[in-house]
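**Q** First the structure, then my questions, so here it is.
Here, each number is a calculation from the coordinates, and none is a lab measurement. Since this is a predicted model, take the numbers as computed values, not measurements. For neighbour counting, all protein chains shown are included, and Cβ atoms are generated from backbone atoms with ideal geometry for every residue, glycine included.
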Amino acid sequence: MGFLGRFFGRDDAAVTDARRIYTKLMGQSRLPGFYGKGRFADSYDGRIDVLTLHIAAILTNLNRFKVNGERLGQALFDEMKDDFEIALREEALSDASVKKRIQPMISLFYDRVKSYAEALHASDQKAALDKIFSNSPSFDIQNSDSESSESEFRMNMSDYVIRFNESLSSLSLGQIALTEFAFPSL
């Protein structure tokens, strides 16, 4: 949205909807149940990975709605990018430093979304997701009490993502935009 639109208080519906979706996904991705020993590392990388897997499920489902879904997906991406930039600016970085640091973050986001989207389109979603989680540097494997608890969490995360994606697939664009979706239990 342009400067004048913000100045005069006009808000694009896609931007408003994207902000609502992003806020809900961010809240879910910060739940403590995702992090800890044998789970995602409670670090920048781990938190971004959890947020990205939620965004990937939303984006995968928005693709069903062609132009309007793409528009909302782009607005969601822009909302996330703006949030990343704000976080970097809060670290008192200059404009040049923010620009330099945001590019690798966005590239990593694209790589992760692509991996999750491919897994959600795979014939064996569970195996594809398990492979991603097995190779993820975001898992706190070094601090895991046992390999079996970490493996169990990976399987639970795969089930979680599949159930979230399936629940989204039955919703309309309006229902997704209004965040009328529920998250599966962890």
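**Q** Taking only the alpha carbons of the range 94-186, what extent do you get along each of the three principal axes, in Å, biggest first?
**A** 43, 41, 24
**Q** Would you please calculate the Kirkwood hydrodynamic radius of the range 38-126 over all C-alpha pairs and express it in Å, rounded to one decimal? Before the final figure, lay out each step's value.
**A** Details: mean 1/r = 0.0700 Å⁻¹.
Computed over Cα pairs of the range 38-126, the Kirkwood hydrodynamic radius comes out at 14.3 Å.
**Q** So, one more: Using only DSSP helix segments of four residues or longer, with each worth -39500 (n - 2.57), what per-residue ellipticity at 222 nm results for the chain after dividing by its residue count and rounding to 500? Don't jump to the answer; show the numbers that get you there.
**A** Working: 8 runs with 131 residues, N = 186.
Here the helix-only value at 222 nm equals -23500 deg cm²/dmol.
**Q** Quick check: the angle from helix 147-169's long axis to the longest principal axis of the chain, C-alpha only, nearest 10 degrees?
**A** Orientation of helix 147-169: about 40 degrees from the principal axis.
**Q** Here's another thing I want to ask about it. Please compute the net charge surrounding L186, taking Lys and Arg as +1 and Asp and Glu as -1 over other residues with Cβ under 11 Å from its Cβ. Kindly include the intermediate steps, with their values, before the conclusion.
**A** On the way: positive: R39, R163; negative: D159.
Within the 11 Å Cβ shell, the charges total +1.
**Q** What translational diffusion coefficient, in µm²/s and rounded to a whole number, does the Stokes-Einstein relation yield for the chain at 20 °C and a viscosity of 1.002 mPa s, taking the hydrodynamic radius as the Kirkwood radius over Cα pairs?
**A** Details: Rh = 17.4 Å.
The Stokes-Einstein estimate is 123 µm²/s.
**Q** Then there is this: If you line up the long axis of helix 95-121 against the longest principal axis of the chain, both from Cα atoms, how many degrees apart are they, to the nearest 10?
**A** Roughly 60 degrees between the two axes.
**Q** In degrees from 0 to 90, rounded to the nearest 10, what is the angle of the helix 66-90 Cα long axis to the longest principal axis of the chain?
**A** For 66-90 against the chain, the angle is about 80 degrees.
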